[in-house]
Structures are given as C-alpha cells and as structure tokens.
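S.K.: One structure, pasted below without further comment.
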Amino acid sequence: MADKRSALKQGQIDILELIYSHRFVSRQLLAESLNIKAGSSLHEKLQVLLKHGYINMRLEKRLKLLGLPAAYYLTPKGLRTLSDLPDHEYITDSVIKASYKDKTVSQSFINQTLRIYAQTNRLSAAHPGLRVFTKRHMSRYSYFPQPLPDAFLSLPIGKYTPRKRFFLDVIPDNLPRQPLYQRIANYAEFFDEGGWEVVGTELPTLLLVGETGTTERRIQRTVRAALHNAELDEDIAVYTSTFGAAKNLADNLAIWTSLDDPDELLALPEL
C-alpha cells in the first residue's frame with residue numbers, strides 16, 4: 001500500500017480522481033477544474049500518466065483535423081491504483097471491469113460526456129460552493145432516479161437556508177424528441193411515486209440546457225407535453241437555458257427560463 005501511494009504525487013492523484021468522476025475529460029476541462037492553465041505543465045503530467053499506463057487517450061485522426069480535443073480516460077490499472085488508496089472502496093471490481101468498454105464506446109458518447117463536464121465547470125465557476133455529483137458519484141446511492149440525471153447539483157444559499165438541489169440534463173441538438181420526452185416522464189414517475197422522500201428534502205428542480213435556442217424551445221414544448229400527460233399531484237419546477245448563455249455566466253448569472261414565465265430570466269440561487 002505504501003509503495004502504491006508513494007508512486008503517485010498528490011497532483012497526479014487529483015487528476016486521476018477528476019478523470020474517474022467524469023469518465024472522459026479533455027485537457028482544457030481538467031485545467032478549468034484544477035484552476036490552472038492548460039499549458040505545458042498539465043500536458044507533461046498527462047504524458048507521465050499515459051507513459052505509466054494509468055490513463056489512455058481517445059482521438060480519431062478525422063476529429064483532430066476538425067479541432068476536437070483528445071479525450072482521456074482511466075485504464076484498469078489507473079482505477080485499481082485509485083481503489084487501493086484510503087477511502088476509495090467505492091471503486092469496485094465491477095467498476096473496473098466495466099471500464100474496459102471505455103476504449104470502444106462511441107465518439108458521440110464521449111462528446112456528450114465532455115459537454116456535460118463543460119456545463120458543470122461553468123456552473124461551478126459562477127457559483128462558489130456549488131457541489132457537483134456526476135453519474136459515477138450518483139451510482140453509489142440508491143435514491144437517485146434511473147436512468148441517472150447527467151449531474152446532480154447542490155447549491156448553498158445562506159447559513160440558515162436549506163441548500164437548493166437540481167437535476168441537470170444537457171441536451172444536444174441531435175437528441176430526438178422521444179428520449180427527451182421519456183426522460184421527463186421518468187422524472188415525473190419517480191417524484192410522483194415518492195422516490196425522493198427518503199432524502200427528506202424538497203424535490204430537486206430540473207435544469208435542462210439546450211445546445212441552441214431552437215433546442216431550448218423544443219425542450220420546453222416536450223417538457224410541457226410530458227408533464228401534462230403525467231397528471232402529477234405536485235408540480236415539478238423546470239427551468240431551461242442554452243450552451244451559449246451558460247458560456248457567458250461570468251457576465252450574467254440570470255440565464256434560466258421558467259416554463260411558466262418564459263420572458264423572465266433568473267439566476268440559479270433564485271430558482
């Protein structure tokens with residue numbers, strides 16, 4: 001155990017933990033999370049981890065020509081190294097076994113994973129204290145809906161005010177209507193059947209971020225239809241935004257639109 005701990009420096013462990021949490025990462029997204037520049041220092045650290053077999057890299061030549069970033073992921077060796085560290089018992093043999101698929105998953109899956117990471121990075125940078133739970137975090141707990149949200153957010157509001165909680169889903173332009181409709185219907189069923197009652201807090205607000213304004217409007221129409229057909233006893237709060245608005249969070253925190261009042265923009269603590 002001591003040998004495995006000493007083989008890696010804390011900075012390298014921090015990188016491995018971020019890659020574990022998000023499954024696929026780019027150098028730029030890692031730099032944002034670590035609050036460092038995505039320059040040679042991070043590049044060198046990644047190269048060392050690659051050299052020693054802790055991580056691997058996905059980048060198709062045709063995508064490189066299009067300017068898309070390399071995607072890094074943990075190898076089974078990297079996962080086993082993390083699992084041997086204290087308080088990492090949640091990295092089980094089944095998690096490691098499942099990781100063998102990472103070298104063959106579709107590029108569209110990787111692209112979506114990076115989109116989600118980009119959105120949570122932007123929200124975290126704009127809202128100090130925001131806690132982000134990825135799918136790998138949520139999978140350790142039985143009380144989250146299935147399929148899992150893209151992310152679960154917990155935002156501190158004040159010393160005597162309960163945290164606000166959110167289920168975040170990132171919706172690309174090419175997501176068909178039916179999967180989106182089904183996602184909302186699943187949330188409605190989960191809440192209606194008391195799936196969140198074991199947590200003992202208010203129902204999380206649904207946040208849906210569309211790739212474009214056109215997608216956001218399609219999201220709103222689909223959500224209205226799904227909630228209308230669900231005939232819920234308790235209303236679910238749903239807010240939408242766009243990738244472009246989230247990209248400019250540093251200039252304007254009010255990016256969220258309510259289904260009930262599409263003309264008013266609100267900031268996350270106001271939802």
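S.K.: So which of PHE191, PHE166 is more than 17 Å from the chain's Cα centre (by Cα), buried (at least 17 other Cβ atoms within 10 Å of the Cβ) and under 26 Å from ARG218 (Cβ atoms)?
M.R.: Details: PHE166 fails: more than 17 Å from the chain's Cα centre (by Cα).
Checking each option against the conditions leaves just PHE191.
S.K.: I'd like the residue in region 175-188 that is in contact with a Ser or Thr (Cβ under 6 Å, 6 or more places away or on another chain) and open to solvent by less than 60 Å² (accessible area, probe 1.4 Å) and, out of all such residues, is farthest from ALA225 (Cα to Cα). Lay out the reasoning, then the answer.
M.R.: Quick first cut of region 175-188, residues in contact with a Ser or Thr (Cβ under 6 Å, 6 or more places away or on another chain) only: 177, 180-181.
Filter once more, so that each one left must be open to solvent by less than 60 Å² (accessible area, probe 1.4 Å): 180-181.
Working: LEU180: 11, TYR181: 8 Å.
Across region 175-188, the extreme among qualifying residues is LEU180.
S.K.: Follow-up. Taking region 245-271, which residues are open to solvent by 20 Å² or more (accessible area, probe 1.4 Å), assigned to a loop (DSSP other than H, G, I, E, B) and under 17 Å from GLN119 (Cα atoms)?
M.R.: ASN248, ALA250, ASP251, ASN252, LEU253, ALA254
S.K.: Sticking with this one: Of the numbered conditions (1) modelled with pLDDT of 95 or more; (2) under 19 Å from LEU268 (Cβ atoms); (3) of a type in the set (S, T, N, Q); (4) surrounded by fewer than 21 Cβ atoms within 10 Å (Cβ to Cβ), THR201 satisfies every one except a single condition; which is it?
M.R.: It is condition (1) that THR201 fails.
S.K.: Then there is this: Here are some residues: GLN220, GLN178. Which one is under 23 Å from LYS135 (Cα atoms) and assigned to a helix (DSSP H, G or I)?
M.R.: Numbers: GLN220 fails: under 23 Å from LYS135 (Cα atoms).
Exactly one of GLN220, GLN178 is under 23 Å from LYS135 (Cα atoms) and assigned to a helix (DSSP H, G or I), namely GLN178.
S.K.: Can you say whether LEU206 is open to solvent by less than 60 Å² (accessible area, probe 1.4 Å), touching a Phe, Trp or Tyr at 6+ places or on another chain (Cβ under 7 Å) and either modelled with pLDDT under 95 or small (Gly, Ala, Ser) (or both), as far as the supplied structure shows?
M.R.: Spelling it out, it is not the case that LEU206 is open to solvent by less than 60 Å² (accessible area, probe 1.4 Å), touching a Phe, Trp or Tyr at 6+ places or on another chain (Cβ under 7 Å) and either modelled with pLDDT under 95 or small (Gly, Ala, Ser) (or both).
S.K.: Restricting the search to region 125-160, which residues are in contact (Cβ under 8 Å) with a residue 24 or more places away in the chain, open to solvent by less than 70 Å² (accessible area, probe 1.4 Å) and in a helix (DSSP H, G or I)?
M.R.: Selection gives ALA126, ARG136, HIS137.
The values are calculated or read from the model by the stated rules, or taken from the named source; none is laboratory data. Everything numeric here is computed off the predicted structure, so don't read it as measured data. Methodologically, a virtual Cβ is constructed for each residue, glycine included, from the backbone with ideal geometry; neighbour enumeration extends over all protein chains shown. The accessibility values were calculated without ligands, DNA or RNA, using every heavy atom of the protein model including side chains. Shrake-Rupley method; radii C 1.70, N 1.55, O 1.52, S 1.80 Å.
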